[in-house]
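Let me begin by presenting the structure, written as structure tokens, before commenting on it.
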Amino acid sequence: MSQKLFYNSKESSMIEKCSFAATEISKLEVMNPSTVATAVSNLGSLKVSRLLITDQSGKIIYDNEAPKENQEKYALFPEIVQALGWNNVFSWNYNNGTMQSRAATPIVSYGILIGCVYMMEYDTQQGALVQSLQVNTLYITFVLEIAVIIFSLIFSHTYSGRLKRISSSMRTIREGDYSHTVDMGGNDELTLLGEEFNDLVVRLQTSEQKRRNFVSDASHELKTPLASIKLLSDSILQNDMDIATIREFVGDIGNEAERLNRMSQKLLSLSRIESQEDSDCEIIYMGPTVERVMRMLSRIANRNCITIVADLKDDCPILVLEDDLYQIVFNLVENGIKYNVPGGKLFITLRRDEDNAIMEVRDTGVGIPEDALEHVFERFFRVDKARSRKSGGSGLGLSIVRNMVERNQGEIQVTSVVGKGSIFTLKFPAFDTEESV
Ligand code: ADP
């Protein structure tokens, strides 16, 4: 039986006993020590440790513990005080291995309160049960506390160990070892942190690899014209040359210097694109920019006997950085001239395809082999190094084009047939559609 159930039944049995005694006493005509004592003895065995009968002021009329001594004294126990306020009262407490249960009820005769019955019982069996419960609870609490402490120690040790692992990996990466990854184990937030960290490391590796490739490509490209300049100037200094040869050599030095200049300009332009320095986009038509580029390159086109045919009628506005657009068109048209054949043609067409503005630059030149098509937009890539160098190429033009196109939300594609020519198709979102306005 649970503690609560036990006390519910205890309460009702004690209140019942009190009420029974109170009813019997209320039948007395006169309530004095001897009549009450007789009435109590007629009640039979109530099996209580203490029985008190008081009058309506709390004065003891009967006390089974000390019938004579306590008479005329006042028993103002809390239960008695409450019972004299017309209440049935029950209370219990545990003390030193013993349960004490107390109950009190008013004695009412003809609707008038004339006293109260108070009973108290000692229960050592229940007391022992409560005591063993207390000991057990204490024991369980102690074991639980120890378990919690041990668990916390193990948990914090493992947790801090994993945190140390990730912070030592960070140190390793900071010292430049980008191949280092971390295995956090488990399946919690720290595991996610470890995965994010490894992701970051992979990105660092890629960008570090790109940086190294760029530095090595760039220094390789810069080395060639510098070596030519050194060779030419040494030749002038060491050999006895006539003035005409010296002029020719100095002219070559000038060309190489010019090539270096162009290359450094393009490298600067590439790094500017990557650092996203510019951002003032404008709504412009492509036609005027194409015309400006054609004017700029007409002399070279004439020199190479290339005819430029432009159809710019179907033009529409786009949102771009004007300088970027100029550079993109310039590089594509310049390539169309450079990699053309004498007497060749270059067609520049503007057209509109649904929500896009399309520019096509088609030449009748040497074309690009199929396996090279996917590389033409890479830095320093050249199909024919000698031809590119002779025409002042650096292998950076198309890489600049692609970066600029992408940062202006455009797309570029190339198709080509060797010996027939190439088509570069540029696509930008038109800026006069309903969504864009
Ligand atoms: P480059 O400064 O060498 O012209 P680009 O990046 O502009 O560098 O072009 C890369 C390479 O792609 C060129 O070297 C050339 O081999 C090839 N290429 C680019 N445009 C054309 C074209 N219109 N026709 C044929 N080949 C081209």
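The values are calculated or read from the model by the stated rules, or taken from the named source; none is laboratory data. Being a predicted model, the structure only gives us computed values, none of them experimental. All Cβ positions, glycine included, derive from the backbone under ideal geometry; neighbour counts span all protein chains shown. Accessible surface areas use protein heavy atoms only, side chains included; no ligands, DNA or RNA. Shrake-Rupley method; radii C 1.70, N 1.55, O 1.52, S 1.80 Å.
Quick notes
- Among VAL366, VAL48, VAL329, the residue with the largest mean-square fluctuation in a Gaussian network model of the chain, with springs joining Cα atoms closer than 10 Å, is VAL48.
- Cα-Cα P(r), the chain, percent of pairs per 20 Å interval: 17, 24, 13, 8, 11, 16, 9, 1, 0
- Equivalent-ellipsoid semi-axes of the range 70-187, from the Cα gyration tensor, Å, largest first: 71, 17, 10
- As an equivalent ellipsoid, the range 278-429 spans semi-axes of 24, 17, 14 angstrom, where each value is the square root of five times an eigenvalue of the C-alpha gyration tensor, largest first.
- Computed on the chain, with alpha-carbon pairs under 8 angstrom and 6+ residues apart, the relative contact order is 9 percent.
- Two-site label geometry, ARG387 and ARG165: point separation in nm, points 7 Å out along Cα→Cβ: 5.6 nm
- Under 13 Å from the Cα of LYS427 - aspartates and glutamates, other chains or at least 8 residues apart: ASP315, ASP353, GLU354, ASP355, GLU360, GLU406, GLU411
- Once each of the chymotrypsin sites (Phe, Trp or Tyr not before Pro) sitting in a DSSP loop with at most 11 other beta-carbon atoms within 10 Å is removed, the chain keeps 111-437 as its longest stretch.
- Set LYS27/LYS73; LYS47/LYS68; LYS230/LYS385; LYS223/LYS266; LYS230/LYS266; LYS338/LYS385 screened for pairs whose C-alpha atoms are more than 18 Å apart: LYS27/LYS73; LYS47/LYS68; LYS230/LYS385; LYS230/LYS266
- Only protein atoms count toward the accessible area here, which uses a 1.4 Å probe; on the chain, the carbon and sulfur part of that area reaches 55 percent.
- Surface per residue (accessible, 1.4 Å probe) for the chain, Å²: 59 Å²
- Separation of the GLU282 and GLU374 label points, Cα + 7 Å toward Cβ, nm: 3.9 nm
- Dipole of the range 189-273, positive end: most advanced residue of SER269, PHE197, PHE214 [Cβ charges, Cα centre]: SER269
- Measuring how big the range 2-125 is from its alpha-carbon positions, Rg and Dmax come out at 13.9, 44 Å.
- Residue order for LEU237, LEU398 - accessible surface, 1.4 angstrom probe, largest first: LEU237, LEU398
- ASN302 paired with THR191, simple spin-label distance in nm, labels 7 Å along Cα-to-beta-carbon: 7.3 nm
- Extension gain (nm, one decimal) between VAL143 and GLU411, 0.36 nm per residue minus Cα-Cα: 89.5 nm
- Computed lengthening from ARG212 to LYS27, 0.36 nm per intervening residue step minus Cα-Cα distance: 55.3 nm
- Among the GluC sites (Glu not before Pro) in the range 338-424, those placed in a DSSP loop whose Cβ has at most 11 other Cβ atoms within 10 Å are GLU354, GLU374.
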